[in-house]
Amino acid sequence: MKISTLRLLADARSAKAGGEQAMAARQRTRLTELVAWARARSPYYQHLYRDLPAGAADLALLPPTSKPELMAAFDDWVTDPAVTLAQARAFADDPARIGQPFAGRYTLSTTSGTTGTHGIFLQDARASAVTSAMMARMLVGWLSVRDAARIARGGARMALVIPEGGHFASTVAAARLCGRSRVAAFSVHQPLADLVAELNTFRPAVLAPYASIGALLAGEAEAGRLRIDPALVMLTAEGLPVGEYARIAAALGAKVRTSYACNECPFLSSGCAESWMHLNADWAILEPVDEQYRPVAAGEPSHTVLLTNLANHIQPTLRYDLGDSVLLRPDPCPCGHPGPAVRVQGRAADLLTFPGPAGEQTPVTLAPLPLATLLEAVPGLELFQIVQTAPAALRIRLHPAPGADPNALWRQIETRMRDLLARHHLGHVRLERAGEPIQHSAGGKVRAVIPFSVTGRDPAGSAHP
């Protein structure tokens, strides 16, 4: 069945205009449909829901799910029996296929995540169309007529600052967009000075970097080295202290907006001028809960959140433990958006600062994402943790995938890391192969990159973040 993005957009605008009640009505209908679909088409959910009453679609009755459980049952989780984990892994391991449809009809993205399990996520045609409709609704809410005119005067050029390689959601999106002459992708792995020079040449009207890269670029603009005039800066992937958004806006002379999303639900939310993330509640549900998955009151930080994606039927995602701590706003947001508003407590970007090369007084700052995304693309690496144990030392904790050769894996990681550091004039930074296991937080998450400021000047790398 052909999915009409325009029809979905019209419905999305109608839902927002109808307010909280209109969104809630659509949410109930779509939840009932999704649960029925999962029970009929997914062997995993058939087993998980076997003791539930027929037609049950009350969230409180549905048991939570997690990435480790779903990935372990991948072939039974998906609702298309022609799709297998082996096929998906083979596709994901081929960088030449980034941006191409998997099995001719699905969008595939990957992440190593923060819970110790690699994730492979598929979107069907409807989920992709909903993603497009939510993006359009978000942009309509963000941009005034004056903003749109300014973007048009700037040639409508968009710069995506994203990782090299890997089937990350941002990379997949860029690969599909970059055939258009007005969209260009720039690597987060290159030295900051090179990135600044390329952006100065391209002069984007819309800049879309990871949040930590946006903070670095704001510093370059304040120093007079970055000379661009974007109308809109779209920050993704990480949270920043609230004051940073205003600093980036002032430095770049642009409207700054952000969103909270994930591979499991790329259209989860959109940010507002009050620095809150409004959930697209007509197509997604996010439940703030405590350690026992009991609801947490608005205004109190949650232990984790349970995500339900109402659009995607190829991989039904119902009450999925996302692992993030959020704060649900207890009162209506002044911006007027009807969707529930949250602030993410568990996604703070921490920059790593290193001393410059010998003879240079200026320190070198790296965002954590270039390091993390570099290792996420290493085949055979199940999980990692990069710990800055000294101003010029990085200790890498590894968890190889079953059957991987740890020594060969380390050699590949060391080569990639040294190449990245050399490109940033950090060849003097020492790399250490850790013997201790990866450290998990009390909530079971793994912080992929830990700066020196967090390790507490622990030279043994034994911090337990």
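Structure summary
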| item | result |
| --- | --- |
| Residues (buried (at least 20 other Cβ atoms within 10 Å of the Cβ), in contact (Cβ under 8 Å) with a residue 60 or more places away in the chain and over 16 Å from the mean Cα position of the chain (by Cα)) located in the range 376-395 | L381, L383, F384, Q385, I386, V387, Q388, T389, R395 |
| The one condition in (1) assigned to a loop (DSSP other than H, G, I, E, B); (2) of a type in the set (S, T, N, Q); (3) at pLDDT 90 or above that Q190 fails to fulfil | (3) |
| Breaking point among (1) assigned to a helix (DSSP H, G or I); (2) in contact with a helix residue (DSSP H, G or I) (Cβ under 8 Å, 6 or more places away or on another chain), for L431 | (1) |
| Scope the range 419-438; condition free of Cβ contacts under 8 Å to residues at least 40 places away in the same chain and farther than 16 Å from L369 by Cα; matching residues | A422, L431, R433, G435, E436 |
| From the options R28, R50, R105, residue that is surrounded by fewer than 16 Cβ atoms within 10 Å (Cβ to Cβ), within 26 Å of the chain's Cα centre (by Cα) and not aliphatic (A, V, I, L, M) | R105 |
| Residues of the range 1-26 classified as in contact with a Ser or Thr (Cβ under 9 Å, 6 or more places away or on another chain) and not hydrophobic (A, V, I, L, M, F, W, C), total | 1 |
| Residue ID - surrounded by the fewest Cβ atoms within 10 Å (Cβ to Cβ), chosen from residues in the range 220-237 that are within 22 Å of A193 (Cβ to Cβ) and touching a residue at least 40 places away in the same chain (Cβ under 8 Å) | D229 |
| Hey, S275 outside any strand (DSSP E or B) and of a type in the set (S, T, Y) or not | yes |
| Matching residues in the range 81-99 - criterion: being free of Cβ contacts under 8 Å to residues at least 60 places away in the same chain and not in a helix (DSSP H, G or I) | P81, A82, T84, D94 |
| The one condition in (1) surrounded by 14 or more Cβ atoms within 10 Å (Cβ to Cβ); (2) modelled with pLDDT under 95; (3) not basic (K, R) that Q21 fails to fulfil | (1) |
| Filtered residue count, the range 71-80, keeping only those that are modelled with pLDDT of 95 or more and part of a helix (DSSP H, G or I) | 4 |
| The range 60-70 - residue that is modelled with pLDDT under 95 and loosely packed, with under 14 Cβ neighbours inside 10 Å and, of those, farthest from the chain's Cα centre (by Cα) | L61 |
| Selected residue [of a type in the set (S, T, N, Q) and under 19 Å from the mean Cα position of the chain (by Cα)] from T236, T201 | T236 |
| Members of the range 434-453 that are among the aliphatic types (A, V, I, L, M), modelled with pLDDT of 85 or more, under 26 Å from the mean Cα position of the chain (by Cα) and not in a strand (DSSP E or B) | I438 |
| Selection from the range 229-261 of residues that are in a loop (DSSP other than H, G, I, E, B) and among the hydrophobic types (A, V, I, L, M, F, W, C) | A231, A237, L240, A254, A261 |
| Residues located in the range 128-155, provided they are part of a helix (DSSP H, G or I) and over 17 Å from G271 (Cα atoms) | S128, A129, V130, V145, R146, A148, A149, R150, I151, A152, R153 |
| Hits in the range 255-278 (condition: at pLDDT 90 or above, aliphatic (A, V, I, L, M) and either surrounded by fewer than 23 Cβ atoms within 10 Å (Cβ to Cβ) or under 11 Å from the mean Cα position of the chain (by Cα) (or both)) | L268 |
| Count of residues meeting criterion [in contact (Cβ under 8 Å) with a residue 60 or more places away in the chain and either basic (K, R) or surrounded by 24 or more Cβ atoms within 10 Å (Cβ to Cβ) (or both)] in the range 292-307 | 1 |
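The values are calculated or read from the model by the stated rules, or taken from the named source; none is laboratory data. As the structure is a computational prediction, the values presented were derived from the model and not from experiment. We place every Cβ from the backbone using ideal geometry, glycine too, and count neighbours over all the protein chains shown.
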